[in-house]
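This is the structure I want to talk about, given as structure tokens.
Every read-out reported here was derived from the displayed coordinates using simple, explicitly stated rules and does not represent laboratory data. On a predicted model such as this, the values are computed, not experimentally measured, just so you know. So basically every Cβ, Gly included, is an ideal-geometry build from the backbone, and we count neighbours across all protein chains shown.
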Amino acid sequence: MKLGELAERLGCELEGDRKIEITGVASLAEAERGELTFLANPRYRSAVRTTRASAIVVAPGAGSMPLAALRTPDPYYAFARAIELFHPAPRPAPGIHPTAEVSASAQIGQGAHIGPFCFVDDNVRIGRDAVLHSLVAIYRDATIGDDFTAHSHAVVREGCRLGNRVTLGNAAIVGSDGFGFARTPEGRWHKMRQAGIAIVEDDVEIQAGSCVDRATVGATRIGRGSKLDNLVQVGHSSQVGEDTLLCGQVGLAGSSRVGSRVILAGQVGLAGHLTVGDGAVLTAQSGVPNDVPAGALYSGYPAMENKAWLKSVAAFHMLPELQKQVRRLRGEWDELRRRAGASKAGGRRKRGTKRT
């Protein structure tokens, strides 16, 4: 593809020869002649001088470039679209594999691909152009929209509802049983029937090994456009807003309320029945025992405002030295008290001698 055509398709301003042939995309360090690269983080600016790429995607204010440039306010997003142009997602041919088990009562939209050893249960409805890779299981009464993609071993449990353009990674599960048990008078655990469902709205991606539990009653809901990374756990009856990111190993206990445009970085954990407001950000490994206000930046455990947490961490690193100072001061104080006590005792002896 000529660089001029690529600039037009990406909506970028071109600086350089529009006739340059672009054959692929790569990082700054790995790009070769004929490839497009990008610069989104200023810390990698020095790599621009040594890259072998033929063109680069950069911001308007990134300064002059030693190679042809595509200027755009968001280089990372433009490069993501460029990847799609050169590496379109493979599309399996429509049809149902002979080894797949599809119920006679299931309704499958046009253009669907159902791969080897898939299972589609009674009264399932799946929209147009779905792709079910091998060993996908869709339980009875599930409803799924158009352009659904499920990778191997993904599962949609009974009665769950998924919107359009939903993607499930390998072994992702929607509608697994919530972790609900009631203690009996004998002290044993009685499993609570998980009678609710899970609802996943349009344009949601749930990546490998993640679980969205069904509600005990009612519904667990993942809002439109939200993305769940690998190994994310969403507890029963939780509600996740729109365009929220749950990064790797995030865990939401039951009945959590997470707003829209929230970012929970890796291994963030929420206690149950909490609310995280719209636009909040929780940094990696934060533990959240209380509600988080909208727009907040929280860190640590127990999670607190990021600035306070940074001060606490700085103080924590000073504790060994502070401990030494406290020990020294305590020794000096004990010595002062010892001397003061000796001085008083000596004074009493002198006064006693005078009276004698």
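Rounded to the nearest 0.05, what FRET efficiency do ALA93 and SER134 give with R0 = 22 Å and r taken as the Cβ-Cβ distance? Could you check?
Plugging the Cβ-Cβ distance into 1/(1 + (r/R0)^6) gives 0.95.
Between LEU319 and TYR44, how high is the FRET efficiency from 1/(1 + (r/R0)^6) when r is the Cβ-Cβ distance and R₀ = 35 Å? Nearest 0.05.
It comes out at approximately 0.45.
Can you give me the long-range amide H partners of SER105? Hydrogens built in the peptide plane at 1.01 Å from N, cutoff under 5 Å, separation of 5 or more residues or another chain.
ASN123
If you fit an axis through the alpha-carbon atoms of helix 319-355 and take the longest principal axis of the Cα set of the chain, what angle between them do you get, 0 to 90°, nearest 10?
Long axis of 319-355 versus the principal axis of the chain: about 10 degrees.
Still on this structure, I have one more. Translational diffusion coefficient of segment 3-86 at 25 °C, 0.890 mPa s, Stokes-Einstein with Kirkwood Rh over Cα pairs, in µm²/s as a whole number.
Calculated translational D: 201 µm²/s.
May I pose another question? Angle between the Cα long axis of helix 306-317 and the longest principal axis of the chain, 0 to 90 degrees, nearest 10?
The helix 306-317 is inclined about 50 degrees to the chain.
Based on DSSP, what percent of beta bridges with both residues in the chain are antiparallel, to the nearest 5?
In the chain, DSSP labels about 10 percent of beta bridges as antiparallel.
Where in segment 16-99 are there GluC sites (Glu not before Pro) that are in a DSSP coil and have at most 16 other Cβ atoms within 10 angstrom of their Cβ?
Answer in residue order: GLU30, GLU32.
Quick one: which of 158-167, 197-206 comes out on top by average Cβ neighbours within 10 Å, and what's the full order, highest first?
197-206, 158-167
Which angle from 0 to 90°, rounded to the nearest 10, does the C-alpha axis of helix 75-86 make with the longest principal axis of the chain?
Here the helix axis deviates by roughly 30 degrees.
For the pair LYS311 and SER343, how long in nm is the line joining their label points, each one 7 Å along Cα→Cβ?
Between LYS311 and SER343, the simple spin-label model gives 3.8 nm.
Still on this structure: Give me the base-10 log of I(q)/I(0) for the chain at each q in 0.15 Å⁻¹, Debye formula, one uniform scatterer per Cα, rounded to two decimals.
The Cα Debye sum returns log10 ratios of -1.21.
At R0 = 30 Å, how high is the FRET efficiency between PHE117 and MET1 if r is their beta carbon distance? Nearest 0.05 is fine.
Calculated value: 0.15.
Still on this structure, I have one more. Could you work out the percent of alpha carbon pairs in segment 232-330 separated by over 22 Å, rounded to a whole number?
33
Still on this structure, please answer the following. Which of the trypsin sites (Lys or Arg not before Pro) found in segment 184-287 are in a DSSP loop and have at most 11 neighbouring Cβ atoms, other than their own, within 10 Å?
The qualifying sites are ARG188, ARG193.
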